Amino acid sequence: MATLEAIKYSRGKLLVLDQLRLPHEHHYDEVSTSEEAFDCIRSMRVRGAPAIAIVAALAHAVELHNGSCTATSPDEAVSYINSRLDYLRESRPTAVDLFNAITLLKAAVRAAVVEGLAHPEAKDAILAAYIEAAENILAKDLENNTSIGAFGAAWLQEQYSAGPERKISVLTHCNTGSLATSGHGTALGIIRSLHAQNLLQHAYCTETRPYNQGSRLTSFELVYEGIPSTLITDSMAGALFALHRESSNIGAVIVGADRVVRNGDTANKIGTYSLAVLARHHGVKFVVAAPTTSIDLETQTGAGIKIEERKKEELTQISGAVVNPDGSVDARKTARVAIADQRIGVWNPAFDVTPHDLIDAIVTEKGTVVKGPDGHFNFSQVMPDRWAAIVKE
Ligand code: MRU
């Protein structure tokens, strides 16, 4: 069975699976310009920190490949690329992968300038350097996710002395699978790896109100992959932990990250913080799966993270496929219904920040980071260059 693909790319062509139509309909949109990418990201047709960065980077690669850059000098080409990236940066404010990708892409372009400025075809070399760097982001993300899956599964196996006779059950929140990344996934990648190694007893996923990434996307991926799984509402997590406390049957909560800052504080989908508090109360390990592209060393604590606030209709209305009187789902008919008095005031932060002290491990593609004796995470081992450039010890 083919794995789910949110992003299909070949040079000059980018197709993005419209996640607003899932799980009922599989429709790919062609995304060929920065404007189309901006709209795709802003409207949440693509979501998840790594996927957002990849779509932004590749959409600009496609427009460059198709001749959008009319610059006549290398300097003009650089200004054009930088201004398109600065525009894409404004599409969503919390996930840091996009910002890290932009920094990397600008550096690749700068390096091409340094190498080729005197060359008559320097402009073409600059465009080629950008396209190559953007394509690398896609390839590297898949590699990273596979490593995160392996490191996370190994860490959990060690914590619980897990094996085929002693399997682990886990709870996850939001969507962190193939749909949120280039493939395999981060937190869902660990679950996938546990399952592949015959170490997974059961995966629980939360609905993830208000936008339902869990029920719409994660439960779809879990069913698609044949992973033994159960959907719960966000408010059922405490009851689930309490039910399993005696048997220690829930081994871990595994979540992704939109941004991990220098001290380990982690912004992720709203509801993550509540799960971390519940997990600590019930003695359940709390694990964050984050590629180093989701780590922001420049921001010292979670207080520095800008949290996106979204429109009130995400709470007061809901849309989905129509259920026929016989119980079958008609994917071709959708309906939007009101589920609250439309006059009520609403607060709708899309993310929250889990303080580092509630997190037991942060799994990156370079290895699993745990807190040192000072109670802090230290990322110098997993990202030595960026750490040395930013952190003056
Ligand atoms: O608002 P979204 O749907 O883009 O949020 C997605 C999440 O919060 C994910 O949990 C996060 O990006 C983790 S990364 C795989």
- Message: Order 179-190, 218-229 from most to least packed using the mean count of other Cβ atoms within 10 Å.
- Response: 179-190, 218-229
- Message: Could you tell me the center-to-center distance, by alpha carbons, between region 45-102 and region 244-305 in angstrom?
- Response: 29
- Descending packing, highest mean Cβ count within 10 Å first, for 341-350, 273-282, 90-99, 306-315 is 90-99, 273-282, 306-315, 341-350
- Can you pull the Rg over Rh of region 226-385, Cα-only, Kirkwood? 1.05
- Item | C-alpha center-to-center spacing [region 158-209, region 351-372] in angstrom | 16
- Output ordering of 144-157, 43-56 (per-residue mean of other Cβ within 10 Å, highest first) is 43-56, 144-157
- Query: Out of 331, 286, 241, whose Cα points farthest toward the positive end of the dipole of the chain (charges: +1 Lys, Arg; -1 Asp, Glu; placed on Cβ)?
  - Reply: 241
- Query: What share of all Cα pairs of the chain, in percent, falls into each consecutive 20 Å distance bin?
  - Reply: 28, 57, 15, 1
- Message: As I understand it, the dipole of the chain uses +1 on the Cβ of Lys and Arg and -1 on the Cβ of Asp and Glu, about the Cα centre. Which of 205, 372, 108 lies farthest toward its positive end?
- Response: 205
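Quick one: of the DSSP bridges fully inside the chain, what percent are antiparallel, nearest 5?
55
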- Query: Straight-line reach from residue 366: which lysines have Cα under 30 Å away, leaving out those fewer than 8 places along the same chain?
  - Reply: 8, 106, 140, 167, 269, 285, 306, 392
- Query: Helix 272-281 sits at what angle to the longest principal axis of the chain, using alpha carbons and giving 0 to 90 degrees rounded to 10?
  - Reply: 40
- Note on the structure: The whole-number value in µm²/s of the Stokes-Einstein translational diffusion coefficient for region 7-142, with Rh from the Kirkwood sum over alpha carbon pairs at 4 °C and 1.567 mPa s, is 87
- Query: Near residue 371, which aspartates and glutamates are there with a Cα under 14 Å away, not counting those fewer than 8 places off in the same chain?
  - Reply: 265, 357, 360
- Taking the Cα atoms only, what angle lies between the long axis of helix 74-89 and the longest principal axis of the chain, rounded to 10 degrees? 20
- How do 87, 204 rank when sorted from fewest to most other Cβ atoms within 10 Å of their own Cβ? 87, 204
- Message: With +1 assigned to the C-beta of every Lys and Arg and -1 to the C-beta of every Asp and Glu, and no other charges, what is the dipole magnitude of the chain about the Cα centre in debye, to the nearest 20?
- Response: 680
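Values in this text are rule-based calculations from the coordinates and carry no lab data. Not measured: the values here are computed from a predicted model. Positions of Cβ are backbone-derived with ideal geometry, glycine not excepted, and every protein chain shown enters the neighbour counts.
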